[in-house]
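These notes concern the structure reproduced below.
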Amino acid sequence: MIKSEICELLSIEYPIFQGGMAWISDGSLAAAVSNAGGLGIIAAGNAPQDYVREQIKVARELTNKPIGVNIMLLSPFADEVAKVVADEKVEVVTTGAGNPSKYMELWKSAGIKVIPVVASAAMAKLMERLGACAVIAEGGESGGHIGEMATMPLVPQVCDAVKLPVVAAGGIADGRGVAAAFMLGACAVQMGTRFLSADECSIHPNYKEKVLSAKDRCTVVTGRRLGHPVRSLRTQFSNDYQKVEYDSSVSDAELEALAGGALRLAVQEGDLKKGCFLAGQAASMVNKRQKASEIIKEVADEAEIILKRASIWVK
Amino acid sequence: MLFETIAKIIAERTGCDVSSVKPESTFAELGIDSLDTVELLMSLEDEIGMEIELDQKVTTVDDLVKFVESKKQD
Ligand SMILES: Cc1cc2nc3c(=O)[nH]c(=O)nc-3n(C[C@H](O)[C@H](O)[C@H](O)COP(=O)(O)O)c2cc1C
C-alpha cells in the first residue's frame, strides 16, 4: 500500500487527489473519490456561492470522509466563495490561478488546511511563509490554466525550496506517473484528466468520448496572449482561436469574448464546434470508463509494483 | 538606493540593460509577470533583510519603491 505523510495530515487512505475542475468536479465526483480513499475536490470555478454551498451539501450527504474545495482566484465570486468554505469548514482548500494571500488568515482560523497550486519555487516559498500546509506543484502538461514549467523540473525544485509536503500534478495518469512523482520528491499526486473518464464525472458524452479517443499530440495551449494560457484538446474551437490569437487586428476584448463560455459549452452541451474541452497531455493515456474508486485502486496498485521493483536499477 | 537595488534585480532577471529600467517603467513593459514579481520580492528581501508582504497592486517600478519605503517606516 502506498502511504505518505499526506495521508496522516489529511486523514486520507491514498495519497491521490482528484484536482478541482471548473464546471466538472461537483459534489458527486468529489464524494466518490473521497469514499474511495483519495481526496475529492469540488471546483468552485466561476460559480457563485450558492452553487458551492449546494455541492458541499451534496458531497456531505454522500460521504463522511474529508473533502476539498478548489477556489479559482480569477473568479469574480472568489471573495464570497472564500467565506462559504470557511463557514462550511471543508477540510481542505486548494487554490488555482493566482496568489491566495488575502484569504489565508480566514481559512486558517476556520481550521482549514490550505494547499495552494504553485507553478514556481518562489511562489511555493511564499505560500509556506503564509501558512500553507502543503503545496501542489503543477506542471504545464496539465489540463486547464497552466504555468510555463514542466512537471519534471518543477517538482524537485519546489521540493528543494520548501519543507512542506509537495503534491505533484500535471501529466500524471497512471501508476508510472505516481511512482515518478515520488522519485522526484513529491509525497502525493493530483490528477485531473484521468478522472474525466470516471463514471461519476458527469460531463457530456461527447467530452468523454473526445478524451477517450485522444492521441498523444491532441492538446494545444491557447490564451498566452492574454496572459492566461490554457491547455485543451485540439478542436474546431482551438483552431479558430489560434487563427485569431496572433492577429493584431483582433482586440484583446474580442479574443476574451471568443473564449467566454466555451468550457460550459463543452461540459454541458458537448458542443464540438464552439466548446473548449480542457484536458492535459495525458489524455491519450485515459482509455477506459471506470468508477472513480477503480481509478484510484488501479493507479495506486500500479505505483506500488513499480516502486517495489525500482531497486532493480541499483547494482 | 532602493530603486537601484530593484533595477539591478530586474535587469538580472530579464536580461535587459539596467539603464533601461526607469522609475516610470511598468512591470508589464519590462516583461515581468506576476510569478516574476514574487521572485523579485524574494530577492529584494534577501538584499534589504526584511520581509515584504505585497498586499496591493503595483504597476510601475516606482510604485514598488514607494510601497517598500512605506513598509520600512512601520
Ligand atoms: C477540465 C479541467 C478543468 C480544470 N479546472 C481547474 C480549476 O478550476 N482550478 C484549478 O486549480 N485547476 C483546474 N484544473 C487542473 C486540475 O485540478 C489538475 O491540477 C490537473 O488536471 C492535473 O494535471 P492532469 O490534467 O495532467 O492530470 C483543471 C483541469 C482540467 C483537466
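The values are calculated or read from the model by the stated rules, or taken from the named source; none is laboratory data. Quantities reported herein were computed from a predicted structural model and do not represent experimental measurements. Heads up, the Cβs are rebuilt from the backbone with ideal geometry, glycines too, and the neighbour counts pull from every protein chain shown. The accessibility values were calculated without ligands, DNA or RNA, using every heavy atom of the protein model including side chains. Shrake-Rupley method; radii C 1.70, N 1.55, O 1.52, S 1.80 Å.
Table for the structure above
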item	result
Which numbered condition A:P76 misses (of (1) of a type outside the set (K, R); (2) more than 14 Å from every other protein chain (Cβ to nearest Cβ); (3) touching a Pro at 6+ places or on another chain (Cβ under 6 Å))	(3)
Checklist (1) within 24 Å of A:G38 (Cβ to Cβ); (2) more than 14 Å from chain B (Cβ to nearest Cβ); (3) not polar (S, T, N, Q) applied to A:M127, failing item	(2)
Matching residues, region A:212-225, being in contact (Cβ under 8 Å) with a residue 24 or more places away in the chain and surrounded by 14 or more Cβ atoms within 10 Å (Cβ to Cβ)	A:L212, A:A214, A:C218, A:T219, A:V221, A:T222, A:G223, A:R225
Matching residues in region A:93-117 - criterion: being under 10 Å from A:A132 (Cβ atoms), within 13 Å of chain B (Cβ to nearest Cβ) and modelled with pLDDT of 95 or more	A:P116
Hits in region B:13-28 - residues which are open to solvent by 80 Å² or more (accessible area, probe 1.4 Å) and within 14 Å of another protein chain (Cβ to nearest Cβ)	B:R13, B:A28
Hits in region B:30-66 - residues which are more than 14 Å from chain A (Cβ to nearest Cβ) and over 18 Å from A:A122 (Cβ atoms)	B:T59, B:T60, B:V61, B:D62, B:D63, B:V65, B:K66
Residue list for region A:192-211, restricted to those being away from the ligand (no atom under 11 Å from the Cβ) and either open to solvent by 20 Å² or more (accessible area, probe 1.4 Å) or polar (S, T, N, Q) (or both)	A:S197, A:D199, A:E200, A:S202, A:H204, A:P205, A:N206, A:K208, A:E209, A:K210
Long-range neighbours under 6 Å by Cβ, at least six apart or interchain, first residue touching a residue at least 24 places away in the same chain (Cβ under 8 Å) within region A:1-28, second of a type in the set (G, A, S) and open to solvent by 10 Å² or more (accessible area, probe 1.4 Å)	A:P15/A:S4; A:G19/A:G192; A:M21/A:G192
Filter result for the condition that a residue is within 15 Å of the ligand (Cβ to nearest atom), among the aliphatic types (A, V, I, L, M) and under 23 Å from A:G280 (Cβ atoms), over A:A78, A:A119, A:A32	A:A119
Which numbered condition A:V33 fails, given (1) within 30 Å of B:S34 (Cα to Cα); (2) open to solvent by less than 10 Å² (accessible area, probe 1.4 Å)	(1)
Enumerated helices (runs of 4 or more DSSP H) restricted to region A:226-315, each holding at least 1 residues that are open to solvent by 60 Å² or more (accessible area, probe 1.4 Å), modelled with pLDDT of 95 or more and away from the ligand (no atom under 16 Å from the Cβ)	A:292-309
Sole residue being away from the ligand (no atom under 13 Å from the Cβ), away from chain B (no Cβ under 14 Å) and open to solvent by less than 10 Å² (accessible area, probe 1.4 Å), chosen from A:A179, A:A186, A:A168, A:A173	A:A179
